[in-house]
Amino acid sequence: MTLATHIVGVGGYLPERIVTNAELAARVDTSDQWIRERTGICQRHLAAEGECTSDLAAAAARKALKMAGISIEDIDALVVATTTPDLIFPSTAASVQSKLGGVGFPAWDIQAVCAGFVFGLAQLDAMMRAGMFKRVLLIGAETMSRILNWNDRSTCVLFGDGAGAVVLESRNRADGSGGVIGSVLHSDGAHRDLLKAHYGDGAPSNTPDFHTDAAGVAAIEMRGNEVFRIAVKSLSGVVGEVLAANGLTESEVDWLVPHQANLRIINAISKRLSLPAERVVITVGFHANTSAASVPLALSHLQETGKLERGQLLLLESFGAGFVWGANLVRWSL
Ligand code: UT7
């Protein structure tokens with residue numbers, strides 16, 4: 001029996017609190033105009049005090065389960081893609097499993113920073129096609145606000161908190177066409193210093209022995225301009241690669257569901273694909289860069305617009321620190 005992995009539910013969650021560009025301009029030397037022109041970002045959502053990545057993830061997962069018309073008892077694996085886990089261990093997936101009332105099925109995190117959801121979809125698709133799981137929750141969730149240096153204007157204006165989730169279901173290919181068609185993933189660790197989040201003086205695996213300062217402070221550092229150039233080049237390459245590997249062309253793509261880091265990067269990729277603006281999902285304006293949550297949030301937004309139709313071809317792509325980058329092709333089947 002040949003199996004295919006279908007997306008049968010999708011949900012997004014953004015914390016209540018909205019922080020506008022104007023509010024940030026009152027804190028650091030920036031302006032609404034600079035942020036909009038350079039990034040397309042107008043605002044971001046920030047998690048409330050005590051609200052963790054697992055809370056955001058669980059909220060998005062509940063919506064995806066509802067749309068799929070199933071409950072947590074029907075799930076047989078749960079994966080959270082995050083770079084801002086609740087704790088170093090146990091995994092955020094373990095917390096989400098518990099918050100959703102699930103027991104027994106495997107739950108684990110994956111870390112591919114902003115590309116975590118795209119990596120997770122590729123990984124789970126392979127496992128599901130091998131027959132390991134029937135129904136799986138894949139969640140991208142982040143509280144990026146907790147690892148930002150709020151005095152660094154070059155990074156603090158760029159990120160936000162949020163979560164997006166999908167329910168994946170494995171079906172016999174003979175029962176209908178559609179589902180995940182294929183994925184391409186890449187990494188290049190040579191660029192790891194261009195975008196990183198340190199923890200205290202280095203850590204967790206790099207703290208001095210017997211250190212006594214348990215309260216390490218994490219913060220993102222980025223050489224934005226260099227990241228920008230490599231992101232455009234890498235994403236332009238991988239979208240062409242995933243299409244060619246699956247015998248498809250740019251003109252067949254109905255929706256580009258891109259990583260929402262910067263509107264100028266998204267525009268460069270849509271131009272590369274010759275896609276008109278109305279075929280490109282753009283949500284970066286209202287939630288900024290939510291890292292692993294960004295692609296599933298964009299997908300959830302697309303689904304909510306009601307424009308998504310059965311049989312349409314979706315191209316998902318993302319790029320993140322490492323660098324890591326990848327793309328998935330999905331034939332929508334609902
Ligand atoms: O999700 C993971 C992948 N991440 C990304 O894809 C992010 C990629 N990078 C970017 O999106 C862009 O590089 C940024 C939005 C981060 C920066 O835009 P840029 O056009 O590359 O600007 P830049 O870094 O070259 O900086 C231009 C100027 C600099 O001033 P000088 O040296 O020209 O005087 C910066 O100091 O803008 C200044 N600047 C700011 N000005 C006002 C940097 N941040 C700000 C700010 N407000 N927030």
>> I need the full set of residues from segment 284-312 which are of a type in the set (Val, Ile, Thr), farther than 10 Å from residue 163 by Cα and buried (at least 24 other Cβ atoms within 10 Å of the Cβ), in order please.
In response: 284
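One line per residue, one yes/no per condition, for (1) in a loop (DSSP other than H, G, I, E, B); (2) over 30 Å from residue 171 (Cβ atoms):
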site	(1), (2)
18	no, yes
29	yes, yes
38	no, yes
49	yes, yes
60	no, no
>> Which condition from (1) touching a Phe, Trp or Tyr at 6+ places or on another chain (Cβ under 6 Å); (2) crowded, with 24+ Cβ neighbours inside 10 Å is the one that residue 77 breaks?
In response: (2)
>> Suppose the filter is within 13 Å of the ligand (Cβ to nearest atom) and in contact with a helix residue (DSSP H, G or I) (Cβ under 9 Å, 6 or more places away or on another chain); does residue 39 pass it?
In response: yes
>> Looking only at segment 62-95, how many residues end up being part of a helix (DSSP H, G or I) and touching a Cys at 6+ places or on another chain (Cβ under 9 Å)?
In response: 2
> If only one of 285, 306 is within 16 Å of the ligand (Cβ to nearest atom) and either modelled with pLDDT of 95 or more or under 19 Å from the mean Cα position of the chain (by Cα) (or both), which one is it?
Replying inline: 285
> If we scan segment 125-144, do we find a residue that is basic (Lys, Arg), modelled with pLDDT under 90 and more than 16 Å from the ligand (Cβ to nearest atom)?
Replying inline: no
> Take the residues of segment 311-326 that are more than 15 Å from the ligand (Cβ to nearest atom) and not polar (S, T, N, Q): which is farthest from residue 144 (Cα to Cα)?
Replying inline: 311
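Residue-wise test of (1) closer than 23 Å to residue 63 by Cβ; (2) touching a residue at least 60 places away in the same chain (Cβ under 8 Å).
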site	(1), (2)
99	yes, no
102	yes, no
105	yes, no
113	no, yes
116	yes, yes
121	yes, yes
129	no, yes
> Any chance segment 212-223 includes a residue that's at pLDDT below 95, farther than 25 Å from residue 142 by Cβ and more than 16 Å from the ligand (Cβ to nearest atom)?
Replying inline: yes
> What do you reckon, is residue 115 aliphatic (A, V, I, L, M) and either within 15 Å of the ligand (Cβ to nearest atom) or crowded, with 24+ Cβ neighbours inside 10 Å (or both)?
Replying inline: yes
>> Restricting to segment 271-305, name every residue that is more than 27 Å from residue 168 (Cα to Cα), of a type outside the set (D, E, K, R) and free of Cβ contacts under 8 Å to residues at least 24 places away in the same chain.
In response: 276, 277
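The values are calculated or read from the model by the stated rules, or taken from the named source; none is laboratory data. Since the structure is predicted, the reported quantities are computational estimates derived from the model, not experimental observations. Positions of Cβ are generated from backbone atoms using ideal geometry, with glycine treated the same way; all protein chains shown enter the neighbour counts.
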